[in-house]
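Worksheet for the structure shown next.
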Amino acid sequence: MSQFLRVLCISRKDVESYYGKPPLVTWGLLFPAVLILAVYLKDRAGYLAVAPGIIGMTLLFGNTSMAAIVITFEKRTGTLERLLLAPLSTQTIVLGKALSAAAYGIATSVVLAIGLVAFLNMPLASPGVFVLGLLLGAGTFSLLGIIASVAVKEVFEAMTLMNFFRFPLLFVSGVFMPLAEMPWWLGPVAYLSPLTHVVELIRIGVHGGSALGPIWIPMSSAALFLVAACLVAPRVFRKCATPA
Amino acid sequence: MREDWQEAQVAVRVAGLSKSYGRLSALSGVSFEVQTGGVFAYLGPNGAGKTTTINILAGLLPRDAGEVAICGLDVSESPVAVKSRIGVVTDSSNLYPELRCRRNLVYLGELYGLGASERRSRAGQLLEQFGLAEQADRPFGSLSRGMKRRLTIAAALVHDPEVLFLDEPTTGLDVPSARSLRQLVKQVARDRTTVFLTTHNLAEAETLADEVAILIRGRIVARGTVDELHGRVGGARSVAVRFSADVSPEKAKASCPSVRQAGRQEGMLHLEVAGLHSAILELSDLARHEGLQIEDLLCAPPSLEDTFVNILDRNDRAGEGGE
């Protein structure tokens with residue numbers, strides 16, 4: 001059996017053990033749905049400006065948190081060590097863990113989008129770009145969650161560590177404020193955030209237009225962040241996951 | 001594949017293995033070979049470096065120096081290939097608590113690359129062999145400690161490994177569970193799997209091991225069969241004696257030059273003696289001198305525990321002398 005098939009085995013087991021459980025599914029759906037509904041009730045026309053940002057933010061927080069919770073839980077129960085003892089490459093373990101977290105984020109976001117289209121008349125100008133944004137974002141954020149959690153023992157340590165980058169990303173990525181309205185000095189910083197590009201792809205998927213210029217800019221930038229996370233995460237995992 | 005390296009008769013080869021954590025040297029120049037088949041016991045006090053050795057052999061830790069080969073494969077050069085040929089049971093029962101017992105075994109079969117029908121039949125076979133068939137559909141987390149330990153060992157055997165590493169397999173188990181587990185380990189060894197055992201239970205090592213290595217402060221200080229180790233500590237033997245009235249261990253030790261160590265257990269004096277013949281003569285003299293009679297006298301070869309303690313004492317004395 002190839003390492004690729006083993007990636008799928010790890011992911012399927014994690015979905016069965018963690019991501020398929022009702023509390024996680026409802027959290028992944030209810031959190032963004034309630035936020036979007038609150039904005040919708042206040043401003044029925046204007047909610048569409050914020051909805052892509054909320055979906056992107058939910059991906060960031062949901063995927064980093066869930067990946068981190070699973071890694072720290074498995075470190076505590078010793079089951080992560082069991083994976084390290086199996087004939088698996090580090091890439092296989094990391095990708096298996098990230099794939100299940102990403103599948104969770106994508107599935108909840110797609111269900112949410114269907115709900116928004118059906119009940120709140122959200123347009124979906126480019127469904128393909130919308131899903132691409134989810135794919136690139138969910139992959140990158142899951143890997144970020146693994147990177148942040150593999151060196152720590154407890155969930156709260158992972159959350160504290162991740163909040164050092166999650167909240168600044170939220171601030172600079174145009175989630176609640178269009179990039180065009182940002183102060184001039186914050187504009188260049190926004191381009192350095194993966195969340196900016198993911199939200200922009202989701203926004204293009206919904207509205208069909210982008211503030212970042214041609215579609216290839218957010219698309220290639222988000223893809224580059226994913227590739228970078230794919231390269232960094234196994235190295236960090238190899239260094240930090242083995243017993244001291 | 002098994003046959004290739006079995007011809008060489010060496011399952012595990014370690015040469016000049018060293019590992020440090022910062023300034024602390026955990027292993028320094030450890031060398032040994034484990035022959036194919038049978039049980040190899042790797043013993044030592046806490047902090048001796050046993051778990052570090054297992055972690056290096058299992059590919060979890062990098063080594064600083066030396067060579068480590070399992071089934072003829074270098075652990076650093078071919079970690080995935082080595083891991084597919086070994087099974088490791090750590091000192092904790094670390095299966096997935098939320099998964100059912102059978103699902104745990106099937107999942108591990110997937111990770112080790114077994115085909116769908118093979119992993120299902122192997123899971124069923126192991127559940128039967130380890131007496132857990134009735135628990136197959138219970139979550140692992142709901143099992144008793146003994147059952148968890150049994151399933152953890154079964155899980156390490158799911159891919160029929162050529163070498164099985166067992167780290168403290170019976171720690172924390174009650175007597176019947178520990179005994180049943182030892183029977184299973186014997187059975188595993190009979191089925192051609194080489195067992196590399198670390199344990200603090202020296203009676204267990206004595207029962208199971210074909211060969212023993214003793215590790216102290218990161219160095220192998222003794223190695224051989226249990227009988228060979230007994231021979232190396234000067235043929236000491238154990239004697240249990242009951243006099244018609246109380247004689248203190250201190251008195252026995254002071255009166256009998258052959259007695260190396262003395263203690264009391266269940267109303268009898270338990271003595272470790274250098275020579276059996278001279279010890280019996282000295283004990284007879286002691287009884288005559290004190291006006292007592294010897295009511296009971298039992299002689300036994302030394303246990304592995306006696307030999308282990310003796311080797312530890314010698315090593316401590318050598319260390320103090322060296323310092």
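The values are calculated or read from the model by the stated rules, or taken from the named source; none is laboratory data. Since the model is a prediction, treat every value here as computed from it, not as a measurement. Heads up, the Cβs are rebuilt from the backbone with ideal geometry, glycines too, and the neighbour counts pull from every protein chain shown.
Here's a check for you: in the range A:14-26, which residue that is within 19 Å of the chain's Cα centre (by Cα) and under 15 Å from residue A:80 (Cβ atoms) is nearest to the other protein chains (Cβ to nearest Cβ)? So the residue we want is A:18. Taken as a whole, the condition of being buried (at least 22 other Cβ atoms within 10 Å of the Cβ) and either farther than 21 Å from residue A:169 by Cβ or within 14 Å of chain B (Cβ to nearest Cβ) (or both) does not apply to residue A:105. For the range B:109-122, residues that are within 20 Å of residue B:162 (Cβ to Cβ) and either among the aliphatic types (A, V, I, L, M) or in contact (Cβ under 8 Å) with a residue 12 or more places away in the chain (or both) total 7. Pairs meeting the criteria (first residue in the range A:24-49 and within 23 Å of residue A:69 (Cα to Cα), second residue aromatic (Phe, Trp, Tyr) and modelled with pLDDT of 85 or more, beta carbons under 9 Å, at least 6 apart or on different chains) are A:24/A:18; A:24/A:104; A:25/A:19; A:25/A:104; A:28/A:19; A:28/A:104; A:31/A:61. Criterion first (part of a strand (DSSP E or B) and buried (at least 20 other Cβ atoms within 10 Å of the Cβ)) does residue B:82 satisfy it? No; evaluated as a whole, the condition is false for this residue. Taking first residues from the range A:69-84 that are more than 9 Å from chain B (Cβ to nearest Cβ) and partners that are part of a helix (DSSP H, G or I) and hydroxyl-bearing (Ser, Thr, Tyr), the Cβ contacts under 6 Å between residues at least 6 apart in sequence or on separate chains come to A:70/A:18; A:71/A:149; A:72/A:149. Just one of the listed residues (B:226, B:195) is in contact with a strand residue (DSSP E or B) (Cβ under 7 Å, 6 or more places away or on another chain), farther than 27 Å from residue B:298 by Cβ and buried (at least 20 other Cβ atoms within 10 Å of the Cβ), and it is B:195. Out of all the residues in the range B:49-58, is one or more assigned to a strand (DSSP E or B) and more than 17 Å from residue B:162 (Cβ to Cβ)? Scanning the range B:49-58 turns up no residue that is assigned to a strand (DSSP E or B) and more than 17 Å from residue B:162 (Cβ to Cβ).
Scan the range B:165-172 and tell me whether some residue there is closer than 25 Å to residue B:70 by Cα, in a helix (DSSP H, G or I) and modelled with pLDDT of 85 or more. No, because not a single residue in the range B:165-172 is closer than 25 Å to residue B:70 by Cα, in a helix (DSSP H, G or I) and modelled with pLDDT of 85 or more. Within the range A:88-101, identify whether any single residue is touching a residue at least 40 places away in the same chain (Cβ under 8 Å), touching a Pro at 6+ places or on another chain (Cβ under 6 Å) and more than 10 Å from chain B (Cβ to nearest Cβ), and answer yes or no. There is at least one residue in the range A:88-101 that is touching a residue at least 40 places away in the same chain (Cβ under 8 Å), touching a Pro at 6+ places or on another chain (Cβ under 6 Å) and more than 10 Å from chain B (Cβ to nearest Cβ). For the range B:91-108, the criterion of a residue being more than 7 Å from chain A (Cβ to nearest Cβ), within 30 Å of residue B:218 (Cβ to Cβ) and in a loop (DSSP other than H, G, I, E, B) is satisfied by at least one position.
Once the range A:161-217 is narrowed to residues that are modelled with pLDDT under 85 and on the phi > 0 side of the Ramachandran plot, the residue that is farthest from the chain's Cα centre (by Cα) is A:213.
The residues of the range B:251-268 include none that are buried (at least 20 other Cβ atoms within 10 Å of the Cβ) and more than 20 Å from residue B:313 (Cβ to Cβ). Counting only helices (runs of 4 or more DSSP H) wholly contained in the range B:214-318, the ones carrying 3 or more residues that are among the small types (Gly, Ala, Ser) occupy B:249-255, B:276-290. Every condition in (1) among the hydroxyl-bearing types (Ser, Thr, Tyr); (2) more than 14 Å from chain B (Cβ to nearest Cβ); (3) touching a Leu at 6+ places or on another chain (Cβ under 6 Å) is met by residue A:11 except one, and the failing one is (2). Within the range A:115-132, none of the residues are surrounded by 22 or more Cβ atoms within 10 Å (Cβ to Cβ) and either in contact with a Ser or Thr (Cβ under 8 Å, 6 or more places away or on another chain) or among the polar types (S, T, N, Q) (or both). Selection over the range B:174-196 of residues that are closer than 19 Å to residue B:127 by Cβ, in a loop (DSSP other than H, G, I, E, B) and not hydroxyl-bearing (Ser, Thr, Tyr) gives a count of 1. Of all residues in the range B:250-281, those satisfying the criterion of being out of contact with any helix residue (DSSP H, G or I) (no Cβ under 7 Å at 6 or more places or on another chain) and of a type in the set (Asp, Glu) are B:250, B:266.
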